[in-house]
Amino acid sequence: MVLSSKKQREVLKGFYKALFSSFGPQGWWPGRTKFEVVVGAILTQNTNWKNVEKAIKNLRARRLLNPQGMHDLSVHELAALIRPAGYFNVKAKRLKHFLNHLFDNYSGNLDGFFKRRTDVLREELLNINGIGPETADSILLYAANRPIFVIDAYTKRILLRHCMIKKHTDYHEMQRLFMENLVHDSPMFNEYHALIVKTGKDFCKTKEPLCSRCPLGRFL
C-alpha cells in the first residue's frame, strides 16, 4: 500500500533531515568545471565512479578535458582514453554526439548552451543520442545548477522499501514525487540525491539491506 500524499511529503522531508544529520554534506558532483561534470555524467553510466575518475584523469593528463580538445579527437582516439570507464566505444560515441550538438548549435560554448530555459535544455539533452533522463537531469542539476531532482536505481529501491511508490512506477512519476513535495532548491536537490546514493550503497543494498543501522530505518 502506497502512503498518502500528505504522508509522502512528511516522509520525504524527514528522509532528508535524517540523512543530512547522519552523513553531513557530500560534496557531490566532483568536477573542476561544468564541462567535466557533463563528461562524468555520461561516463558514469553502467559503471562506478572510481572507473570514471581514471578516464577523466587520462583526459586531463593529455589536456583534453575541454570541449575543443575532445571535439577534435576521433571516436577511436577518445575511446582509448576513456577505456577505464567501461563500454568505452559506446560512451565515446555518446560523448561525440553531445560535443557535435554543442558545436553545431552553440559553437562549442557550454555556457551558451546552459542559458537555455530548463525545459528547453532538458528536451535538447534528451534528443542527443545516448542521453537518457537520469543523465540529462544529472547534467541539469550538477552542471547547469537547475533545480531538478535526479532519480536513479538507489532512489527507486529506497522509495519501494518505504511504500512510497509501486513497483512499476516510472522515472517521471518518481521525479514528480520529489518535485511536488519539496521546495525547488538546486543545492538541496544536489545534496539530497548525493545522500540517497550514499544510503543505497552503504545500507539499502539489493540483498541483505542493513535497515537496523540505516538512518532511514525508523521510517519503516
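No value in this document is a laboratory result; all are computed from the given coordinates. These numbers come from a predicted model, not from an experiment. Reconstructed Cβ throughout: ideal geometry from the backbone, glycine too, with neighbour counts over all protein chains shown.
Can you list the residues, at least 5 places off or on another chain, whose amide H is less than 5 Å from the amide H of ARG146, using H built in the peptide plane?
Those qualifying (amide H under 5 Å, at least 5 residues apart or on another chain) are LEU141.
Given 0.36 nm per residue, what is the gain on full extension from SER212 to VAL90 after removing their alpha carbon distance, in nm?
Full extension from SER212 to VAL90 adds 39.9 nm.
Any idea what log10 I(q)/I(0) is at q = 0.09, 0.11, 0.18 Å⁻¹ for the chain, Debye with uniform C-alpha scatterers and no solvent?
Taken in order of the listed q values, log10 I(q)/I(0) reads -0.39, -0.57, -1.30.
Add +1 for every Lys or Arg and -1 for every Asp or Glu among the other residues with Cβ under 12 Å from the Cβ of GLY200, and state the total.
+4
Where does each of VAL52, VAL38, VAL75 land when they are ranked from fewest to most other beta-carbon atoms within 10 angstrom?
Starting with the residue having the fewest Cβ neighbours, the order is VAL75, VAL52, VAL38.
Rounded to whole Hz and in sequence order, give me ³J(HN,Hα) for region 85-100 from the Karplus expression 6.51 cos²θ - 1.76 cosθ + 1.60, θ = phi - 60°, writing x for Gly and Pro.
6, x, 6, 5, 5, 5, 5, 4, 5, 5, 4, 5, 4, 5, 4, 4
Please list 3J(HN,Hα) in residue order for region 117-125, calculated via the Karplus relation 6.51 cos²θ - 1.76 cosθ + 1.60 where θ = phi - 60°; whole Hz, with x for glycine and proline.
Each residue of region 117-125 in turn: 4, 4, 5, 5, 4, 5, 5, 4, 4 Hz.
How tilted is helix 5-23 with respect to the longest principal axis of the chain? Cα atoms for both, answer in degrees (0 to 90, nearest 10).
70 degrees
What is the magnitude of the charge dipole of the chain about its Cα centre, with +1 placed on the Cβ of each Lys and Arg, -1 on the Cβ of each Asp and Glu, and no other charges, expressed in debye to the nearest 20?
700 debye
May I ask you to sort THR47, THR206, THR155 by Cβ crowding, counting other Cβ atoms within 10 Å and putting the fewest first? Show your work: numbers first, answer last.
Details: THR47 15, THR206 9, THR155 26.
So the residues, fewest neighbours to most, are THR206, THR47, THR155.
Can you sort SER4, SER22 from fewest to most other Cβ atoms within 10 Å of each residue's own Cβ?
Fewest-to-most ranking of SER4, SER22: SER4, SER22.
Under 1.5 on a/c is rounded, so check that first for region 83-160, then, if it is not, pick prolate when a/b is larger than b/c and oblate when it is not; a ≥ b ≥ c are the square roots of the alpha carbon gyration tensor eigenvalues.
Here region 83-160 falls in the oblate category.
Order of 60-71, 138-149 by packing, highest average Cβ count within 10 Å first?
138-149, 60-71
Compute the Cα gyration tensor for region 2-46, then decide on rounded, prolate or oblate, letting a ≥ b ≥ c be the square roots of its eigenvalues: rounded whenever a/c is under 1.5, prolate when a/b is larger than b/c in the other cases, and oblate in all that remain.
Prolate, since a/c reaches 1.5 and a/b exceeds b/c.
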